[in-house]
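Data block below; observations after.
The values are calculated or read from the model by the stated rules, or taken from the named source; none is laboratory data. Keep in mind it's a predicted model, so treat the numbers as computed, not measured. Note that each Cβ is placed from the backbone with ideal geometry, even for glycine, and that neighbours are counted across all protein chains shown. Calculation scope for accessible area: heavy atoms of the full protein, side chains included, ligands and nucleic acids excluded. Shrake-Rupley method; radii C 1.70, N 1.55, O 1.52, S 1.80 Å.
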Amino acid sequence: MPEFESVIGLETHIQLNTQTKIFCGCKADSWEDLPNTNICPVCTGLPGVLPTLNNAVVTKAVLLALAVQVDSVQPKSYFARKNYFYPDLPKGYQISQYDEPLALGGFIDLPLPDGSVRRVTIEKLHLEEDAGKTVRQVGERWIDFNRCGVPLLEMVTGPDLRTADEAAQYLIRLRQLLRWLGISDADMERGQLRCDANVSIRPVGSDDLNTKTEIKNVNSIENVRSAIEAEIKRQIREVQSGGRIEAWTLDWDEDKSTLHKMRSKESEADYRYFREPDLLPVLIDQDWLEQMRDALPELPLERKERFIETYALPEYDSEILTEERTLSEYFERTVQAFIGDPKVVSNWMMNDLLRLIRERGTTAGKLIIQPEHLAELIAMVEAKTITASTGKELLDKVEHSGLTPEAIVKAEGLGQVSDEGKLRSLAVEIIETNPDQVATYTGGKTTILGWFVGQMMKETRGKANAQLVQKIFRELLEKS
Ligand code: ZN
Ligand code: MN
């Protein structure tokens, strides 16, 4: 039996976060609205109305096209009608792009765990409108048209992915990029990033592209991974038992973790595509395109590399700090305000600031504590003005109060106690009131020193300079 490898391509539908829908003035995001309350004659396809293209949709789509380095943003692209009948598609066709899409070519690079890079090619990017939603209940079907006309950018990859894990990685990178560019919230559970996977198998070493199946309607990255893994196994079983792979469309049941055959796949001819007569072609002005290119921000992987080079960060740190754009900006501003090793800032951000961000369910850009405050706080710990544990608590206090770290340290008397005379008299007291522990120490079990230090921390509410306290206790106990 030959060994098999899988060949995977992904089609993603990205909901662009524009204010209004793609062809009418209805609000684009109606996640929280009651069914059928965010609709108009245009998006419900009533007779006699005309669509008008939303310029913001084109701008956001072009930004992504440039970020994935497309071969071309087409100077002229067209809308087409994709005809099919479905209850939640009131016009009986979807306005989409077909033979002349917005952009062609491009790629997304995936760093793989072994240090190599998988280049995932992009075949095309095209604009289209979303359809409505069918809500299934026992014995009933309810139709919600709110989603009709929501702007989607469809992006199709080449058959370049080799494992379910790579497919998951691709989605993670794409989601990161969409949020980085600020063009989509890319929340899969809200349908803002949807993924269909094309899966086929072949013997290792072959270049053939065999019959593929398409897995639809998978709404989380974990489910994409599980569904693809299940389908690869199914296909291998099928081929090994002498069967043939048919071009099915499959549906992933996330509750049961199983695939169902939905239908044999339509061919393109079934859709009877033709140019949309109610819309003009999309014309891209070349000067505007150059302006867009200039406005493109530094992208996650570039920034990650730059952090490693400029700040001598380990790759692990740099990866985490560039996961989200405002976090990476926060890091850089803190480093600029802090005099010292950037790695110290990185440690504070990865351990403590990220904890705070998670607890608050927010992003770095929305924190109350500013990078300059964090720099001030770290500097105080480094200068031993406060202890590291006071520093951690201080972080939360600054976030709560909006006061500066210095102001809080002053007001609450949080400064580290390094006054040797004061610590020494406290230590004498502790020794006098605990003769048993002193006997243990003098009996040779010197590890009990830690217990004495702990008592001092209790007395000083954690503010004592730990090194100094150790030194004092060692001296006093040696004399006992
Ligand atoms: Zn509308
Ligand atoms: Mn589509």
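For region 154-198, a residue qualifies if it is in a loop (DSSP other than H, G, I, E, B) and of a type in the set (Val, Ile, Thr), and the qualifying residues are Thr163, Ile183.
Here is a yes/no grid of residues against (1) of a type in the set (S, T, N, Q); (2) part of a helix (DSSP H, G or I); (3) open to solvent by 10 Å² or more (accessible area, probe 1.4 Å):
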{"site": "His373", "(1), (2), (3)": "no, yes, yes"}
{"site": "Ile378", "(1), (2), (3)": "no, yes, no"}
{"site": "Lys384", "(1), (2), (3)": "no, no, yes"}
{"site": "Glu393", "(1), (2), (3)": "no, yes, yes"}
{"site": "Lys397", "(1), (2), (3)": "no, yes, yes"}
{"site": "His400", "(1), (2), (3)": "no, yes, yes"}
{"site": "Ala411", "(1), (2), (3)": "no, yes, yes"}
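Within region 209-252, being open to solvent by 60 Å² or more (accessible area, probe 1.4 Å) and without any contact (Cβ under 8 Å) to a residue 12 or more places away in the chain holds for Lys233, Arg237, Glu238, Ser241, Gly242. Of the residues contained in region 54-71, one or more are found to be open to solvent by 10 Å² or more (accessible area, probe 1.4 Å) and free of Cβ contacts under 8 Å to residues at least 24 places away in the same chain. Exactly one residue out of Thr20, Thr44 is within 16 Å of ligand 1 (Cβ to nearest atom) and either over 30 Å from Met292 (Cβ atoms) or of a type in the set (Phe, Trp, Tyr) (or both): that is Thr44. Filtered by the rule that a residue be more than 25 Å from the chain's Cα centre (by Cα), of a type in the set (Phe, Trp, Tyr) and more than 16 Å from ligand 2 (Cβ to nearest atom), region 1-52 gives a lone residue, Phe4. Gly415 meets all of the listed conditions (1) in contact with a Phe, Trp or Tyr (Cβ under 9 Å, 6 or more places away or on another chain); (2) surrounded by 15 or more Cβ atoms within 10 Å (Cβ to Cβ) but one, namely (1). Taking into account only those residues within region 171-207 that are among the hydroxyl-bearing types (Ser, Thr, Tyr) and within 23 Å of Ile232 (Cα to Cα), which is farthest from the chain's Cα centre (by Cα)? Within region 171-207, the match that is farthest from the chain's Cα centre (by Cα) is Ser206. Hey, does region 345-361 have a residue that's out of contact with any strand residue (DSSP E or B) (no Cβ under 7 Å at 6 or more places or on another chain), outside the structural domain of Tyr93 (by TED's automatic domain parsing), of a type in the set (S, T, N, Q) and loosely packed, with under 13 Cβ neighbours inside 10 Å? Within region 345-361, one or more residues are out of contact with any strand residue (DSSP E or B) (no Cβ under 7 Å at 6 or more places or on another chain), outside the structural domain of Tyr93 (by TED's automatic domain parsing), of a type in the set (S, T, N, Q) and loosely packed, with under 13 Cβ neighbours inside 10 Å.
Table: residues versus (1) open to solvent by less than 30 Å² (accessible area, probe 1.4 Å); (2) of a type in the set (Val, Ile, Thr); (3) in a loop (DSSP other than H, G, I, E, B).
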{"residue": "His260", "(1), (2), (3)": "no, no, no"}
{"residue": "Arg263", "(1), (2), (3)": "no, no, no"}
{"residue": "Pro277", "(1), (2), (3)": "no, no, yes"}
{"residue": "Trp288", "(1), (2), (3)": "no, no, no"}
{"residue": "Arg303", "(1), (2), (3)": "yes, no, no"}
{"residue": "Ile308", "(1), (2), (3)": "no, yes, no"}
{"residue": "Ser318", "(1), (2), (3)": "yes, no, no"}
{"residue": "Thr326", "(1), (2), (3)": "no, yes, no"}
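Pairs are defined by a Cβ separation below 7 Å, a sequence spacing of at least 6 or placement on different chains, a first member in region 15-44 that is closer than 13 Å to Val150 by Cβ and touching a residue at least 40 places away in the same chain (Cβ under 8 Å), and a second member that is away from ligand 2 (no atom under 16 Å from the Cβ) and outside any loop (DSSP other than H, G, I, E, B); the pairs so defined are Leu16/Lys60; Thr18/Ala56; Thr18/Lys60; Cys26/Thr20; Ala28/Thr20; Trp31/Arg190; Asn38/Lys27.
For region 109-126, the criterion of a residue being over 16 Å from Thr163 (Cβ atoms), assigned by TED's automatic domain parsing to the domain that holds Asn146, touching a residue at least 60 places away in the same chain (Cβ under 8 Å) and more than 16 Å from ligand 2 (Cβ to nearest atom) is satisfied by at least one position. Modelled with pLDDT under 95 and assigned by TED's automatic domain parsing to the domain that holds Asp71, is that true of Leu280? Against the criterion (modelled with pLDDT under 95 and assigned by TED's automatic domain parsing to the domain that holds Asp71), Leu280 does not qualify.
Assessment of region 77-85 against the conditions (assigned to a strand (DSSP E or B), over 24 Å from the mean Cα position of the chain (by Cα), free of Cβ contacts under 8 Å to residues at least 24 places away in the same chain and within 16 Å of ligand 2 (Cβ to nearest atom)) yields no matching residue.
Can you confirm whether Leu66 is aliphatic (A, V, I, L, M) and more than 22 Å from the chain's Cα centre (by Cα)? Against the criterion (aliphatic (A, V, I, L, M) and more than 22 Å from the chain's Cα centre (by Cα)), Leu66 does not qualify.
Conditions tested, residue by residue: (1) within 23 Å of Leu250 (Cα to Cα); (2) among the aliphatic types (A, V, I, L, M); (3) crowded, with 17+ Cβ neighbours inside 10 Å.
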{"site": "Val135", "(1), (2), (3)": "yes, yes, no"}
{"site": "Val156", "(1), (2), (3)": "yes, yes, yes"}
{"site": "Thr163", "(1), (2), (3)": "yes, no, yes"}
{"site": "Ala167", "(1), (2), (3)": "yes, yes, yes"}
{"site": "Gln176", "(1), (2), (3)": "no, no, yes"}
{"site": "Arg179", "(1), (2), (3)": "no, no, yes"}
{"site": "Arg194", "(1), (2), (3)": "yes, no, yes"}
{"site": "Val199", "(1), (2), (3)": "yes, yes, yes"}
{"site": "Gly205", "(1), (2), (3)": "no, no, no"}
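Are any residues in region 137-154 more than 16 Å from ligand 1 (Cβ to nearest atom) and open to solvent by less than 10 Å² (accessible area, probe 1.4 Å), and if so, which ones? Leu153, the sole residue that qualifies.
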